[in-house]
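The values are calculated or read from the model by the stated rules, or taken from the named source; none is laboratory data. It should be emphasised that the depicted structure is a prediction, and the values quoted were computed from it without experimental measurement. Using ideal geometry, Cβ is built from the backbone for each residue, glycine included, and neighbour counts are taken over all protein chains shown.
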Amino acid sequence: MITIDRLTKRFDRRAVLDELTLSIAAGDRIALIGSNGAGKTTLFRCLLGQYRHDGRVGFDGAGAGRRDAGALARIAFVPQLPPPLRMPVGELLGFAEKGAGADRALMQAIAERMGIDLDEVKKRPFYRLSGGQKQKILVTVALGRNADLMIFDEPSANLDPAARAVFIDLLAERRDASMLIASHRLEEVAPLVNRVIEMDRGRVVLDDAVMDRLKAGEFRRAEIVLSAPHAPFALALSGWGFEANGAGTRFTGPVPAAETFRFLGLLARYGSLIESLSLDQQPERVN
Ligand SMILES: Nc1ncnc2c1ncn2[C@@H]1O[C@H](COP(=O)(O)OP(=O)(O)OP(=O)(O)O)[C@@H](O)[C@H]1O
């Protein structure tokens, strides 16, 4: 669907994307991870034709390097920072409907589930809404139509926990859609994706089509060594059925293969305590 070939973007001569090469196929549901400043947003902006760049971005193999309006219209994008739109929300929804083929009834239903009343906010200028309300409207617009690819840049950052859970459900209901989701909460988006791409300093450092390989009923054996005992960590791991040594510094146990990312997401919270971690590559069956 999209082929990115040696994409380089410089700001003030500094390469923020550095010969990045990647292809995205229909049906890919990608979690894009990487530390602050890794280049995720810049990649999206290049994909969407908002930045000039070196290298090529091709859609559907048609004239690599060319992006016509038609190709871009097939992408729904929810930015990390909502644009400062002065137009009333009702007008924005009208544009989505008439200009981008969004379905009014579907948007209404999505907004309701996200916990925002469209009738109540339709007269208000978009930029006057709260951060979470803006995000809910942008998600409503993005999910209110049948885009070929949905790109979300930290979509749940401003959402309250209830809306975040609904948002994840809404995405899970679109199992067949292609998605590219930048998130610092891998554990949250892991159940939605079939591919994880990690960026570091403008390059792809990991590209793993993992989830489809993971079969229900397979486990990986993990061993974690801490620099010091830590009661909250021990409690969290006991919930996963892990055993601890007497000193409370070495933990071993099974990780359901399909939950690998959720498990690693949990460990990430205790990163500074972890001295070593091993996770068997070969899944084993536990009866
Ligand atoms: N318009 C710009 N002008 C100059 N530098 C920029 C511009 N936009 C981004 N950068 C720089 O490019 C680098 C990558 O930024 P980018 O927003 O793509 O990172 P990111 O991976 O999305 O980060 P985060 O996880 O914090 O959202 C950063 O060092 C940032 O300061």
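For the stretch 143-162, enumerate the residues that are away from the ligand (no atom under 16 Å from the Cβ) and surrounded by fewer than 20 Cβ atoms within 10 Å (Cβ to Cβ).
Across the stretch 143-162, the qualifying residues are Arg145, Asn146, Asp148, Asp160, Pro161, Ala162.
Name every residue in the stretch 266-281 that is in a helix (DSSP H, G or I), of a type in the set (Ser, Thr, Tyr) and surrounded by 13 or more Cβ atoms within 10 Å (Cβ to Cβ), in order of residue number.
Taking the stretch 266-281 as the starting set, the residues that turn out to be in a helix (DSSP H, G or I) are 266-268, 271-273.
When the remaining residues are screened for being of a type in the set (Ser, Thr, Tyr), the result is 272.
Within the stretch 266-281, none qualify.
Among the candidates Ala216, Ala157, single out the residue that is assigned to a loop (DSSP other than H, G, I, E, B), modelled with pLDDT under 95 and touching a Pro at 6+ places or on another chain (Cβ under 9 Å).
Ala216
Taking Arg221, is it modelled with pLDDT of 90 or more, under 20 Å from Leu186 (Cα atoms), surrounded by fewer than 19 Cβ atoms within 10 Å (Cβ to Cβ) and not acidic (Asp, Glu)? So that I can check it myself, show each step before the final result.
Working: modelled with pLDDT of 90 or more: yes; under 20 Å from Leu186 (Cα atoms): no; surrounded by fewer than 19 Cβ atoms within 10 Å (Cβ to Cβ): yes; not acidic (Asp, Glu): yes.
Criteria not met by Arg221.
As an exercise: evaluate Thr41 against (1) of a type outside the set (Phe, Trp, Tyr); (2) in a helix (DSSP H, G or I); (3) touching a helix residue (DSSP H, G or I) at 6+ places or on another chain (Cβ under 8 Å) and give the number of the one condition it does not meet.
Among (1) of a type outside the set (Phe, Trp, Tyr); (2) in a helix (DSSP H, G or I); (3) touching a helix residue (DSSP H, G or I) at 6+ places or on another chain (Cβ under 8 Å), the lone unmet condition for Thr41 is (3).
Return the only residue of Phe95, Phe59, Phe11 being within 16 Å of the ligand (Cβ to nearest atom) and assigned by TED's automatic domain parsing to the domain that holds Leu171. Even if it seems obvious, please write down each step before you answer.
Details: Phe95 fails: within 16 Å of the ligand (Cβ to nearest atom); Phe59 fails: within 16 Å of the ligand (Cβ to nearest atom).
Of the residues listed, the single one that is within 16 Å of the ligand (Cβ to nearest atom) and assigned by TED's automatic domain parsing to the domain that holds Leu171 is Phe11.
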